[in-house]
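Any read-out appearing in this document is the output of simple, stated calculations on the displayed coordinates, not a laboratory observation. All values derive from a computational prediction rather than experimental measurement. Using ideal geometry, Cβ is built from the backbone for each residue, glycine included, and neighbour counts are taken over all protein chains shown.
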Amino acid sequence: SQQGEEDPQALSIQEGENATMNCSYKTSINNLQWYRQNSGRGLVHLILIRSNEREKHSGRLRVTLDTSKKSSSLLITASRAADTASYFCATDEAYKYIFGTGTRLKVLA
Amino acid sequence: NAGVTQTPKFQVLKTGQSMTLQCAQDMNHEYMSWYRQDPGMGLRLIHYSVGAGITDQGEVPNGYNVSRSTTEDFPLRLLSAAPSQTSVYFCASSFGTGANYEQYFGPGTRLTVT
């Protein structure tokens, strides 16, 4: 079964706007990761947040983690057309990475 | 470094045929895994390996076999292809296990079973 569930499933915004996507998971985790997938390609790692961290930044990315609610959010600020992709959260479960179903982001120029 | 490589990029099989999807990495990663991605389903873990000689099942292992005789290679074998195995297959590797390390993904193999 999927560990992470992203919300929304799809998101369409204008260039320059911020994009927020959420991930909920079911069991306790050590860490949570976010990945990006451009159409037809493999996934690329964006950011890792550990269970004892609440917020992490990397360039235009901001990730938050609320372990009490078993949820995480990914914020992309000042979005660009090149940010158009699918975004997945991934959590660990005893040596296994479990991915969510993803959010498809479309940034309109 | 070439990173994670997968061959072939595309493959069409008839029901009942068998084949091996190749995966190799040149980063000396201990952890390797295979996923399948179906539309709207995200990635589902098929098999994984925490080191040479050690493999284990993931979420959807039925119909697939793996082996890990070297650190570099982690082939996925389809024993008797079925239309339900039509999917995009991704191989990934990382330095360690769990989610303490980022995974590096290959470009994928698009498999169609008719």
(Q) Can you work out the Karplus-derived ³J(HN,Hα) for every residue in the range B:67-79? Use 6.51 cos²θ - 1.76 cosθ + 1.60 with θ = phi - 60°, whole Hz, and x for glycine or proline. (A) 8, 9, 7, 10, 5, 7, 10, 8, x, 10, 10, 9, 6
**Q.** Nearby lysines by direct alpha-carbon distance to A:Lys106 (threshold 29 angstrom, same-chain neighbours under 8 apart not counted)
**A.** A:Lys26, A:Lys56, A:Lys69, A:Lys70, B:Lys9
**Q.** Cα-centred dipole magnitude for chain A, charges only on beta-carbon of K, R (+1) and D, E (-1), debye, nearest 20
**A.** 140
Q) With a ≥ b ≥ c the root eigenvalues of the C-alpha gyration tensor of the protein assembly as shown, is it rounded (a/c under 1.5), prolate (a/b larger than b/c) or oblate? A) prolate
Q: Let me know the charge dipole size of chain B about its Cα centre in debye, to the nearest 20, where only the beta-carbon of Lys, Arg (+1) and Asp, Glu (-1) is charged.
A: 460
**Q.** Cα convex hull volume per residue for the range A:27-74 (Å³)
**A.** 86
Q) Looking only at trypsin sites (Lys or Arg not before Pro) in DSSP loops with at most 11 other Cβ atoms within 10 Å, what is the longest site-free stretch of chain B? A) B:15-114
Q | Relative contact order computed over the range B:14-99 (Cα-Cα under 8 Å; 6+ residues apart), in percent | A | 40
Q.
For A:Glu6, A:Glu15, which order do you get if you count the other beta carbons within 10 Å of each Cβ and list the fewest first?
A. A:Glu15, A:Glu6
Q: Would you mind listing how long the range B:1-103 runs along its three principal axes, going by Cα atoms, in whole Å with the largest first?
A: 36, 26, 24
Q: Compute the FRET efficiency between A:Arg50 and A:Thr20 as 1/(1 + (r/R0)^6), taking r as their Cβ-Cβ distance and R0 = 22 Å, and round to the nearest 0.05.
A: 0.55
Q) Which whole number gives the average count of other chain Cβ atoms within 10 Å of the Cβ atoms across peptide A:94-106? A) 5
Q. Most fluctuating residue of B:Asn100, B:Asn62, B:Asn28 in a GNM of chain B with Cα springs under 10 Å: which is it?
A. B:Asn100
Q) Expressed as cubic angstrom per residue, what is the convex hull volume of the alpha carbon set of chain A? A) 94
**Q.** Added length on full extension, which subtracts the Cα-Cα distance from 0.36 nm per residue, B:Ala82 to B:Ser67
**A.** 3.3 nm
